[in-house]
1. Report yes if Leu775 is farther than 14 Å from Phe796 by Cα, assigned to a strand (DSSP E or B) and modelled with pLDDT under 90, otherwise no.
2. Residues that are charged (D, E, K, R) and surrounded by fewer than 13 Cβ atoms within 10 Å (Cβ to Cβ): which strands (runs of 3 or more DSSP E) entirely in segment 16-114 hold 2 or more of them?
3. Kindly state which strands (runs of 3 or more DSSP E) lie completely within segment 139-231 and contain at least 3 residues that are under 20 Å from Arg380 (Cβ atoms).
4. Whether any residue in segment 606-615 is modelled with pLDDT under 95 and out of contact with any helix residue (DSSP H, G or I) (no Cβ under 8 Å at 6 or more places or on another chain) is what I want to check.
5. Having 3 or more residues that are within 52 Å of the chain's Cα centre (by Cα) is the bar; report the strands (runs of 3 or more DSSP E) wholly within segment 592-707 that clear it.
6. Any idea how many residues of segment 68-92 are touching a residue at least 40 places away in the same chain (Cβ under 8 Å) and within 24 Å of Asp135 (Cβ to Cβ)?
7. Determine which member of the set Val504, Val492 is within 30 Å of Arg592 (Cα to Cα), aliphatic (A, V, I, L, M) and open to solvent by 80 Å² or more (accessible area, probe 1.4 Å).
8. Which ones in segment 293-311 are assigned to a loop (DSSP other than H, G, I, E, B) and within 23 Å of Asp216 (Cβ to Cβ)?
Amino acid sequence: MNVPLKWLNDFVDPDVSVKDLAHRLTMAGLEVEKIEEIGNDWDHVYVGKVLGVSPHPDADRLVLADVEAGKHHLTVVTGAPNIAAGQTVALALAGANLIDGHSDSGQKKVLKPTKMRGVMSEGMVCSEKELGLSDEHEGIMVLDDNAPIGLPLQEYLGDSVLEFEITPNLAHNFSMHGVAREVSALYDIPITVPTGADLATLPAGNQNLVVIENTDLCPRYAATVCEGIEVGPSPAWLARRLQNAGVRPINNVVDVTNYVMLETGQPLHAFDRDMLEGGRIVVRTARAGEMIETLDHIERKLDPDRLVIADASKPVGLAGVMGGVSSEVTDTTTEVLLEGANFNMKSVRHTSRALKLRTDASARYERGVDPNLVAEGMARAIALLLLICPNARVTAFADVYPEPLQPTTLTMRTSRFEQVLGISIPMTEIIDVLGRLGFDAETNADSSQLNVTVPTWRKDVSIPDDIVEEVARVVGYDTLPSTLPWGQTAPVKRDPVYQLRRHVRDAAAAAGGFEAVTYVTDSETDVDAFRGRERGSAGLIVDVPVERMLRIINPMQSGRNLLRVSLIPSLLEPLGANLKHTSAARLFECARLYVPNGPDELPAEVEAIGFVIAGERESLSVYGRGGELDFFDIKGMIEHVLQRAGIPDLTFEPAIDPALHPGRTASVSSGGTKLGILGELLPDVASAFGIDDVRVAVAEISLTAVLASLPSGRRDVPVQRYLPVRQDFAIIVDEATPAGDVERTLLDAGRPLASSADLFDIFRGEQIGEGKKSLAYRVTFIAPDRTLTDDDLVKFRKRIEKNLKQQVGGALRV
């Protein structure tokens, strides 16, 4: 919105520079985006009087104008068709820097005395284009007769224009009056509001002059009928103010409606009453199939929910947006019906956006216009029309306002101001500031509460803190004391679940896995293929029957309607797809399992990580052997991941699961807490997922259980100064002896120097006897104070041999 300073000064004059005014308004929340200076470059241009006009002696289309501007008296040669003696004009002297009126580029030229057809022209009588006021160049610009002769034109017509960005919450400032109200409050100076007609004295129209069929969309509609209108150009002062505000003058009637809208914020519209069938207004929604040609000469089809202004038979305007061509004010109009109304902001917004039609009126209605503003706008418009058209008279006035909007009252604690702002403001000053802003405020008997009456035009004020903000911005945000923030910073507390999830992801990737992200839902087909309804639980580490799995009513993917209780079915599908293109695949996923609780309760979410591997083992693996990936490979991955996560002691024990191969299935635990299960998938289960003729090893670990098993406190990791020594042991034990028991015996016997024992081979054959197996371990020894020697290892070997015989019935193989 553009606000010319001279227009603003009609309301209030703060007597400060335009830059200071712009800064103060901006600091109060009404941002000034730009200041445009009109007339700053009008040097050597004055208000002049045409004393006489005579023909050019040697040119039919040129005339000689005798022009006086104070002490300047000169002859000007011009071809302006509208120049005449007695006119007040803009006279440019030699040296003036003016726009070339014959150029479309806006190029400027310095005026010099020029001989034209034998006659010296000492200056120029200017058009609006040459002064940069508009593109009008058909004739000279004629000023008001009361313009002071000899005054520099910059002092007479020059102006400063403030350009505001009016946000939706500042609808009450979308006018000259609104901005003036802010200036009055900020500088504590009185405001003068231009007078309007007395609506109470106007002749009442008949009851059918205005009919509102939908008061929800149109709470108020006022209409004034004026006869004796003479449509023509607007007075120069009015047209000039519109131009400075960025609005193109059209004719005196339309210009009055635009002028009042800019001045008061109330949009108006003028109809040619002779073009209204029945001479009356009906506010209603559009009927099916109705059309209207709007003032932009576009014919538009109307939906039934569009609010329209209609006469007795047809729409003549889009409510709050634009009028129609059929009732447009033209040069032949003699009787107008002036509309001042209030429309529902949502209705106007929907119409404007649906029809892609944006106007100054719709911009204001969309932000919300006070219904009580209709009277002010109508009174001002009637006064201006009667001033501009002396022969006009008001013959009828109607104002339909079924439910007048009343001011609201807010009650708040007076201590709230200091609580929010951090400073103490005297209550007398608070009440004074609120009064300047148009609020009525008073305290109760003990001054503990403040009762504030909010005017109807302040829809943005609805809670006590809005009142605090109003006081703060008028007092000045820049007056609030600056203090450094104080207090104790809350210590950073990292989410242990997030940290664990990050560690196990990194560890799984380091162990050769590739992370997959799959859907959190499974299909019934996949669940049945993995577990089968006859196999009981649908989960590996959670016990949830298939029939109790949670079902999504409206799944994003058709068929995937079960919230998963195991990650393995989701991983088997991409595993099979990968094996079609590569010899091996190792996938893992870190996600949640959803365990149902009671009816109408949210499920328990279990953090878990799942692994699936299959295919050829790399020939250059850490174990130095090829072959298929199997149980021991996934066991190694689990050991690596859990040890990296911080689980100190792991125990693997034989386990049974309906989907896993007997004898190749184990549970993993720590400190008596079961963490998960691992094993090789049954061939028929793997085949159901399109994986044939290859071993598939799977594992699923509960990270929730892992988190509970982590030792408390920070663990110190010692840095070893001496190199470790590794020695291999082949141990013959009974077939039924668990490898985990053998490993524990090895480590117990080798303590405190044995740090790890890795199983790297299993042998069965007639060389060691029936019912026996040979387990080959690589044991790592390290001492904190020296490098171990062969003699040290011989001592440990004897101790290990003794413990193996006593505890697991094993013997070292030689």
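The values are calculated or read from the model by the stated rules, or taken from the named source; none is laboratory data. Every value quoted in this text rests on a predicted model; they were computed, and no experiment measured them. Cβ: placed from backbone, ideal geometry, glycine included. Neighbour counts: every protein chain shown. These area figures cover heavy atoms from the full protein model, side chains too; ligands, DNA and RNA do not enter into them. Shrake-Rupley method; radii C 1.70, N 1.55, O 1.52, S 1.80 Å.
1. No; evaluated as a whole, the condition is false for this residue.
2. Hits in segment 16-114: 32-38, 59-69.
3. 220-227
4. Among the residues of segment 606-615, not one is modelled with pLDDT under 95 and out of contact with any helix residue (DSSP H, G or I) (no Cβ under 8 Å at 6 or more places or on another chain), which makes the answer no.
5. In segment 592-707, 604-615, 660-670, 673-681, 696-702 are the strands (runs of 3 or more DSSP E) which contain 3 or more residues that are within 52 Å of the chain's Cα centre (by Cα).
6. Residues meeting the conditions: 13.
7. Answer to the selection: Val492.
8. Within segment 293-311, Leu302, Asp303, Pro304, Asp305, Arg306, Asp311 qualify.
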